[in-house]
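Asks: Before I ask anything, here is the structure I am working with.
The values are calculated or read from the model by the stated rules, or taken from the named source; none is laboratory data. This one's a predicted model, so the numbers in the text were calculated from it and none came from an experiment. Positions of Cβ are backbone-derived with ideal geometry, glycine not excepted, and every protein chain shown enters the neighbour counts.
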Amino acid sequence: MVSVTRGVSRAAKTPLPGKASTNGATPSAAQYRNLRETARAIRRDILLAITEAASGHPGGSLSETDVLVSLFFGGILRHDPRNPTWPDRDRFILSKGHACPGLYTVLAHRGYFPRADLSTFRKLGSHLQGHAKIGTPGVEMSSGSLGQGLSFGIGVALAGRLDKRSYRTYVLLGDGECDEGQVWEAAMAAAHYKVDTLTAIVDRNGVQNDRHTHEVMELEPLAAKWRAFGWRVIETDGHSFPALLRAFHQAQETKGQPAAIIAKTVKGKGVSFMEGNPGFHGRAPTKEQLAQALGELEFSKEEAAQAMRDLSFPDTKIAEWTGLMKEPERTKA
Ligand SMILES: Cc1ncc(C[n+]2csc(CCOP(=O)(O)OP(=O)(O)O)c2C)c(N)n1
């Protein structure tokens, strides 16, 4: 795992695990570089896990990666991987539960469980099933049936208010998921109850199951809809760490109303033949496609082999899969 930055905001009087170490200071160029490197390694491991399972959802996992890296590695979440049920932790709820390979990989890189577990994804007996479920360290809600996470998040946030705890609640939704009526019932309720500790993030990648969102159900003007429901809306580039961290800080500073971050993303981000392609919503790459994808992410054969060793792949498979790779340009003499 690359070393990463921690924390930029929500200065606490008492230091808390996983808290901001720079107390609101602008991250340095090196810290941003670390975030990008972390995201690149996470995209690699997402693809390895899904290819090994021969099923799963790469598109929405790759689109959400930078949002998740900002939360878990950019100092936005107050959390402690060694104590996943710490009562004062911020809650992250993955409402688009099919994109759990992204969450699992981030949790593994953050130290919630061993990275080697990723090679058990979708296998019998694994705690990393095809949709996230409570019981896996760091997973706050069993999800997969779309539309429920925001309602759940309101309950979690209101419980924090009743218990006089200062934690914040973040819910990641898909844009296709916003076709669900329950999302808008929840949106109305969160504004009514002025749940300003709640932040919704919409992964606005423009693609849902097998088609583009505008073909299935026109969502635009999406920002105006959230505003009309009483939310503060922050639109941002969902692949720019400075923009994402700024958006999260604005959400944290919002008082008296919930905040929605509409993160403009690319489905399948980082892999040319997956980008914007509904065909890779819920289909695993072949081992040949994996080899191409790892090359596009600029991993050398040796780097890919090391990652596969870290994930406990057998030597035969490491040799077979990396044997299909071409050395990327940057590693050529
Ligand atoms: C209630 C419900 N209806 C249908 C599905 C099947 N389904 C799984 S993923 C998906 C598309 C989701 O699109 P989006 O929310 O945009 O996710 P992303 O593109 O970010 O992966 C659908 C319809 C489901 N999981 N739950």
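Asks: Mind checking which residues of the range 297-312 are crowded, with 20+ Cβ neighbours inside 10 Å and not aliphatic (A, V, I, L, M)?
Replies: PHE299, LYS301
Asks: Related question: Test LEU94 against the criterion of being within 16 Å of the ligand (Cβ to nearest atom), closer than 30 Å to ASP163 by Cβ, in contact with a helix residue (DSSP H, G or I) (Cβ under 9 Å, 6 or more places away or on another chain) and not acidic (Asp, Glu), and give yes or no.
Replies: Yes, satisfied.
Asks: Might you check whether a residue that is closer than 25 Å to GLY130 by Cβ and more than 16 Å from the ligand (Cβ to nearest atom) occurs anywhere in the range 251-274?
Replies: Yes: the range 251-274 contains one or more residues that are closer than 25 Å to GLY130 by Cβ and more than 16 Å from the ligand (Cβ to nearest atom).
For (1) without any contact (Cβ under 8 Å) to a residue 40 or more places away in the chain; (2) in contact with a helix residue (DSSP H, G or I) (Cβ under 7 Å, 6 or more places away or on another chain); (3) polar (S, T, N, Q); (4) farther than 30 Å from ASP310 by Cα, each residue gets a yes or a no:
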position	(1), (2), (3), (4)
TYR112	yes, no, no, no
ARG115	no, yes, no, no
ALA132	yes, yes, no, no
SER143	no, yes, yes, no
ALA157	no, no, no, yes
GLU177	no, yes, no, yes
TRP184	no, no, no, yes
THR197	no, yes, yes, yes
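Asks: For the range 92-102, state whether one or more residues are modelled with pLDDT of 95 or more and in a loop (DSSP other than H, G, I, E, B).
Replies: We begin by selecting, within the range 92-102, every residue modelled with pLDDT of 95 or more; these are 92-102.
Okay, now just the ones that are also in a loop (DSSP other than H, G, I, E, B), so 95-96.
Yes, because at least one residue in the range 92-102 is modelled with pLDDT of 95 or more and in a loop (DSSP other than H, G, I, E, B).
Asks: For the range 119-130, check the following and say yes or no: at least one residue is in a helix (DSSP H, G or I), out of contact with any Pro (no Cβ under 9 Å at 6 or more places or on another chain) and modelled with pLDDT of 95 or more. Step through it out loud before you land on a result.
Replies: Within the range 119-130, the first condition is being in a helix (DSSP H, G or I), and the residues that meet it are 119-120.
Narrowing further to those that are out of contact with any Pro (no Cβ under 9 Å at 6 or more places or on another chain): 119-120.
Subset that is modelled with pLDDT of 95 or more: 119-120.
Looking through the range 119-130, at least one residue is in a helix (DSSP H, G or I), out of contact with any Pro (no Cβ under 9 Å at 6 or more places or on another chain) and modelled with pLDDT of 95 or more.
Asks: Given the residues ARG246, ARG211, which is the only one that is more than 30 Å from THR169 (Cα to Cα) and either of a type in the set (Lys, Arg) or in contact with an Asp or Glu (Cβ under 8 Å, 6 or more places away or on another chain) (or both)?
Replies: Only one candidate passes the filter, namely ARG211.
Asks: Inside the range 251-282, can you point out the residues that are of a type in the set (Ser, Thr, Tyr) and surrounded by 16 or more Cβ atoms within 10 Å (Cβ to Cβ)? Lay out the reasoning, then the answer.
Replies: As a first pass, look at the range 251-282 and keep what is of a type in the set (Ser, Thr, Tyr): 254, 265, 272.
Passing the criteria: THR254, THR265.
Asks: Could you check how many residues of the range 202-235 are closer than 30 Å to GLU253 by Cβ, outside any helix (DSSP H, G or I) and within 16 Å of the ligand (Cβ to nearest atom)?
Replies: 7
Asks: State the number of residues belonging to the range 283-296 that are surrounded by fewer than 17 Cβ atoms within 10 Å (Cβ to Cβ) and not in a helix (DSSP H, G or I).
Replies: 1
Asks: Any residue that is hydrophobic (A, V, I, L, M, F, W, C), more than 16 Å from the ligand (Cβ to nearest atom) and closer than 20 Å to THR65 by Cα - is there at least one of those in the range 150-170? Don't jump to the end; show me each part of the working.
Replies: Step one: of the range 150-170, the residues hydrophobic (A, V, I, L, M, F, W, C) are 150, 152, 154, 156-159, 162.
Applying the additional criterion that residues be more than 16 Å from the ligand (Cβ to nearest atom) yields 154, 156-159, 162.
After this cut, where a residue has to be closer than 20 Å to THR65 by Cα as well, the list is none.
No, the conditions are met nowhere in the range 150-170.
Asks: Something else about it: Under the condition of being more than 9 Å from the ligand (Cβ to nearest atom) and not in a helix (DSSP H, G or I), which residue from the range 173-196 is surrounded by the most Cβ atoms within 10 Å (Cβ to Cβ)?
Replies: Only one residue tops the list, namely VAL195.
Asks: Which one of these is part of a helix (DSSP H, G or I) and modelled with pLDDT of 95 or more: GLY138, GLY147, GLY155?
Replies: Exactly one residue qualifies, and that residue is GLY155.
Asks: Could you tell me whether the range 75-91 includes any residue that is outside any loop (DSSP other than H, G, I, E, B) and under 12 Å from the mean Cα position of the chain (by Cα)? Full working, then the answer.
Replies: Taking the range 75-91 first, the residues outside any loop (DSSP other than H, G, I, E, B) are 91.
Restricting the remaining residues to those that are under 12 Å from the mean Cα position of the chain (by Cα) gives none.
No, that holds for no residue.
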